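The values are calculated or read from the model by the stated rules, or taken from the named source; none is laboratory data. Everything numeric in this text was worked out from a predicted model, so none of it was measured. All Cβ positions, glycine included, derive from the backbone under ideal geometry; neighbour counts span all protein chains shown. To get the accessible areas, we keep the full protein, side chains included, count just its heavy atoms, and leave off ligands, DNA and RNA. Shrake-Rupley method; radii C 1.70, N 1.55, O 1.52, S 1.80 Å.
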Amino acid sequence: RYRGLTLVLTFLCYTSYHLSRKPISIVKSQLHPNCSALGPNPHNDSNSSTWCSWAPFDGDNYKELFGALDNAFLVAYAIGMFISGIFGERLPLRYYLSGGMVLSGLFTALFGLGYFWDIHVLWYFIIMQVFNGLVQTTGWPSVVACVGNWFGKGKRGLIMGIWNSHTSVGNILGSLIAGVWVSSAWGLSFIVPGIIIAVMGIICFFFLVEYPEDVGCSPPMHHDAGGVTSKEKDPEAVTSNEGPLGISGQSNVDHSNSPKEPTEEPEAISFLGALRIPGVVEFSLCLLFAKLVSYTFLYWLPLYIVNVGEFLGRVRRERAWQGEHLLTSLLSLAAHFGAKEAGDLSTLFDVGGILGGIFAGLISDYTGGRATTCCVMLIVAAPMLFLYNHVGQNGISTSIAMLIVCGALVNGPYALITTAVSADLGTHESLKGNAKALATVTAIIDGTGSVGAALGPLLAGLISPTGWNNVFYMLIAADVLACLLLARVVVKEIRGWCGFMARKRGYVCT
């Protein structure tokens, strides 16, 4: 029951984190809409093409300003993440997580209040994004550490793959909630998600259980088996011994207490100590490029759908006027999306992300190859991104299918690295049972990935004026680099499989 409660609570907590991040991507197209589509200008003293835009985003440099807005949040998030893991290991996770959620709700709501307070200065929105980025770093190290404390390695990939759907569920809910008010009062698109995450923080404070030992349950095997009894048998032992927490009886609890004494004595692992864990550097750098792609979609996909839809609509209408075919004029209507429609359609990318995360976790559990699973999905993602850019807007059905496929391939490796891989490395056998590494390792991996998350939307803002094709070339290059950075770990996994099969069949692996 406590395991289930931990999964549900942490799922809802991080759903609310992403729910509060998503509105900015939905509101962008409302801060600088196509005013000519709204009819004549009621304000004779304002610019005829931008009279309905929200200053300071009413200029020709609005894309760069949007990029700066995203970057303010993501740079603060990336910097804060490296520090957050250190605090997460030394403070009660329940207090740390709850406080961060309440503060995040406050700053999210303050951003939306800029609409009702009629604020038109860039620095206000930048400051709100910076503070929100800093406090949101409390979330990921805390929830991964809590789940890692309750679940061993045996089926961690599948469990955390399903659990990690909170990212996509939060994005979907954030898009739908923001879309309700985006065209009428966009401030509420931020205020309502802010209230939701603050309320979830209060619920988390009263009900979250950090450690199995806090309620008299025995911990999973990775806390006491690694480096104490048999290092080599640890992964298999976790699978066979982590069962229901109460089944093994009180003797098992007593047995786990004796080796646990020394694991509570050591200080929390240092930053450099965490970097020395095999695989941390490789997966961190891989996540940098994988998250660059994912967050570029998160922040720019709705605007891309609107802009490309308007462009295709103009082209098809011109061809229709030239008498090419009546069908093209009908297709032009389907190609045009408003702010709400584009936000709703962009949620399909996150639907694909849910499927991709579960698929990646299941396959990596079955094969034991986390790096190989990530690498294969990244390789396939590159040509699919190219296809989406060139044929993804040719029809509504094509758009839906391509968004789901791209979402699965882009977010699958990202989800696997930030969950199961982080938990595996945070309980690595080289730590010899030291339990105080999960939050630090998770923060290092996700913090490095957040550097890519900051770079992606910034580069998209700078490159998009030259054409969306160039943005997609940048994303494809990032996918390829992410794959290459895992090459050493993939080779190691393949050699491990080769050695296992050779021993099984009595051969020598060369």
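Structure above, values below:
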| quantity | calculated |
| --- | --- |
| Elements of type helices (runs of 4 or more DSSP H) in segment 415-510, at least 3 residues being touching a Ser or Thr at 6+ places or on another chain (Cβ under 7 Å), open to solvent by less than 10 Å² (accessible area, probe 1.4 Å) and modelled with pLDDT under 85 | 438-463 |
| Filtered residues of segment 389-407 (kept if open to solvent by less than 20 Å² (accessible area, probe 1.4 Å), closer than 27 Å to ASN164 by Cβ and touching a residue at least 40 places away in the same chain (Cβ under 8 Å)) | SER399, LEU403, CYS406, GLY407 |
| Cβ-Cβ under 7 Å pairs, at least 6 apart or on other chains, segment 4-15 side within 15 Å of ILE202 (Cβ to Cβ), far side part of a helix (DSSP H, G or I) and open to solvent by 40 Å² or more (accessible area, probe 1.4 Å) | LEU9/PHE207 |
| Hey, SER175 polar (S, T, N, Q) and open to solvent by 10 Å² or more (accessible area, probe 1.4 Å) or not | no |
| Subset tally (residues that are in a helix (DSSP H, G or I), among the aromatic types (Phe, Trp, Tyr) and touching a residue at least 24 places away in the same chain (Cβ under 8 Å)) for segment 178-203 | 1 |
| Test: residue in segment 262-281 that is modelled with pLDDT of 65 or more, within 30 Å of PRO465 (Cα to Cα) and not hydroxyl-bearing (Ser, Thr, Tyr) | no |
| Check on PHE359, aromatic (Phe, Trp, Tyr), surrounded by 19 or more Cβ atoms within 10 Å (Cβ to Cβ) and modelled with pLDDT of 90 or more | yes |
| The one condition in (1) at pLDDT 90 or above; (2) under 27 Å from LEU462 (Cα atoms); (3) not small (Gly, Ala, Ser) that TRP54 fails to fulfil | (1) |
| Among (1) at pLDDT below 80; (2) open to solvent by 20 Å² or more (accessible area, probe 1.4 Å); (3) touching a Ser or Thr at 6+ places or on another chain (Cβ under 6 Å), the one test that TYR96 misses | (1) |
| Candidate set from segment 99-123 (those that are touching a Pro at 6+ places or on another chain (Cβ under 9 Å) and of a type in the set (Val, Ile, Thr)); member that is surrounded by the fewest Cβ atoms within 10 Å (Cβ to Cβ) | VAL121 |
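To keep it simple, each residue is scored yes or no on (1) assigned to a helix (DSSP H, G or I); (2) at negative phi; (3) modelled with pLDDT under 85.
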residue: THR137; (1), (2), (3): yes, yes, no
residue: TRP140; (1), (2), (3): yes, yes, no
residue: ALA145; (1), (2), (3): yes, yes, yes
residue: GLY148; (1), (2), (3): yes, yes, yes
residue: GLY152; (1), (2), (3): no, yes, yes
residue: GLY157; (1), (2), (3): yes, yes, yes
residue: MET160; (1), (2), (3): yes, yes, yes
residue: ILE172; (1), (2), (3): yes, yes, no
residue: LEU176; (1), (2), (3): yes, yes, no
